[in-house]
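The values are calculated or read from the model by the stated rules, or taken from the named source; none is laboratory data. Computed from a predicted model, the values in this text were never measured in an experiment. Glycine gets a Cβ as well: all are built from the backbone with ideal geometry, and neighbour counts include every protein chain shown. With ligands, DNA and RNA removed, areas are computed over all heavy atoms of the protein, side chains included. Shrake-Rupley method; radii C 1.70, N 1.55, O 1.52, S 1.80 Å.
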Amino acid sequence: MVAGVNGGLPLDGQVVVITGAGSGIGRAMLDAFRTAGAAVLAADVSADRLAELASLDKVETVVTDVTIATDLDAMIDRAVAVWGRIDVLCNNAGRPDAFRGVEDCTDEEWELGLALHLTAAFLASRQAIPHMLAAGHGVILNTVSTAGLTGNNGGASYTASKHGLIGLTRSTAAMYGVDGIRAVAICPGAVDTDATEIMKRRRQSGEVSERFLTARDRTFKAFTRRAQPAEFGALAVYLAMGGADLLNGAVLPANSGYSAH
Ligand SMILES: NC(=O)c1ccc[n+]([C@@H]2O[C@H](COP(=O)([O-])OP(=O)(O)OC[C@H]3O[C@@H](n4cnc5c(N)ncnc54)[C@H](O)[C@@H]3O)[C@@H](O)[C@H]2O)c1
């Protein structure tokens, strides 16, 4: 762990809000930010998962469905009410779609993907940015996916919503960088979390379309290894630190070289 100013922890005194904090990458971010000295507001739709976090020091939990605008407003307001500030917002909650191409994608699947991955990040950022502007600094980390960079790592809904999230990241970076607010898109490849189990079950049940599997086979061989959630915790802490000031609007493929192929 890198020492912060005066030899303290690097993110001592900072406040981080994480959506989807109950599992996988979000949970690993929570652990890493706490280790770095920050206080964390853990938001998740699963009250059971949050209950496991409630006793942790410097952690507050708030049941939040990120597809509900009022939940997101309440989430940001809660962080400010408890700690009086918000330094880092991690828009991380998400789930795989059913890997359907455009012709099979239902209205519900399309709209859920956009709500979960794109509109949620927009609404949470909109609620958080005034506090960051007032403080003169802030970092917004959007968990995208390799599906935000390619056409065959998810279905139409997941892919389009994650591409949109990169656009939102760049817009935020371009508009607010001058005010000391940075936005970065983190694009994992395959990470061992509950989400990968959902994908596996969908493949095994035959739910994933042949069209998707054929398209994916053409490039899948370039995946070198699956990542562990903790690797994204360490990355998120680094991106939130002062030393990462140059990284504004960056879109970071974190997929073991897949994007290089
Ligand atoms: N696991 C991977 O291979 C992988 C790859 C690329 C990108 N991602 C992205 O990483 C992010 C985290 O995924 P993960 O792999 O850690 O999954 P995960 O299933 O382990 O964790 C996701 C968390 O989000 C929560 N969640 C789901 N819907 C929600 C909602 N409507 N409101 C609030 N919380 C909600 C779940 O309860 C869960 O705790 C997602 O945005 C996902 O798209 C994951």
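Numbers for the structure displayed
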read-out: When residues of segment 168-190 are limited to those that are among the hydrophobic types (A, V, I, L, M, F, W, C) and away from the ligand (no atom under 16 Å from the Cβ), the one nearest to residue 89 (Cα to Cα); value: 181
read-out: Criterion violated by residue 178 - all others in (1) out of contact with any helix residue (DSSP H, G or I) (no Cβ under 8 Å at 6 or more places or on another chain); (2) assigned to a strand (DSSP E or B); (3) of a type outside the set (Phe, Trp, Tyr) satisfied; value: (2)
read-out: The one condition in (1) over 25 Å from residue 169 (Cα atoms); (2) assigned to a helix (DSSP H, G or I); (3) within 11 Å of the ligand (Cβ to nearest atom) that residue 75 fails to fulfil; value: (1)
read-out: Of all residues making up segment 78-104, the number that are within 13 Å of the ligand (Cβ to nearest atom) and either under 14 Å from the mean Cα position of the chain (by Cα) or open to solvent by 40 Å² or more (accessible area, probe 1.4 Å) (or both); value: 7
read-out: Residue match in segment 193-206 (condition: open to solvent by less than 20 Å² (accessible area, probe 1.4 Å) and in contact (Cβ under 8 Å) with a residue 40 or more places away in the chain); value: no
read-out: Subset of segment 191-250 (residues that are closer than 13 Å to residue 152 by Cβ and within 11 Å of the ligand (Cβ to nearest atom)); value: 223
read-out: In segment 238-261, residue most open to solvent (accessible area, probe 1.4 Å) [restricted to those that are in contact with a Ser or Thr (Cβ under 8 Å, 6 or more places away or on another chain) and assigned to a helix (DSSP H, G or I)]; value: 259
read-out: Pick from segment 15-59, criterion within 12 Å of the ligand (Cβ to nearest atom) and among the polar types (S, T, N, Q), ranking: nearest to residue 94 (Cα to Cα); value: 19
read-out: In segment 105-149, residue nearest to the ligand (Cβ to nearest atom) [restricted to those that are part of a loop (DSSP other than H, G, I, E, B) and open to solvent by less than 30 Å² (accessible area, probe 1.4 Å)]; value: 145
read-out: Odd one out for residue 61, checked against (1) surrounded by 24 or more Cβ atoms within 10 Å (Cβ to Cβ); (2) modelled with pLDDT of 95 or more; (3) of a type outside the set (Gly, Ala, Ser); value: (1)
read-out: Filtered residues of segment 157-181 (kept if surrounded by 21 or more Cβ atoms within 10 Å (Cβ to Cβ), free of Cβ contacts under 8 Å to residues at least 60 places away in the same chain and of a type in the set (Gly, Ala, Ser)); value: 160, 161
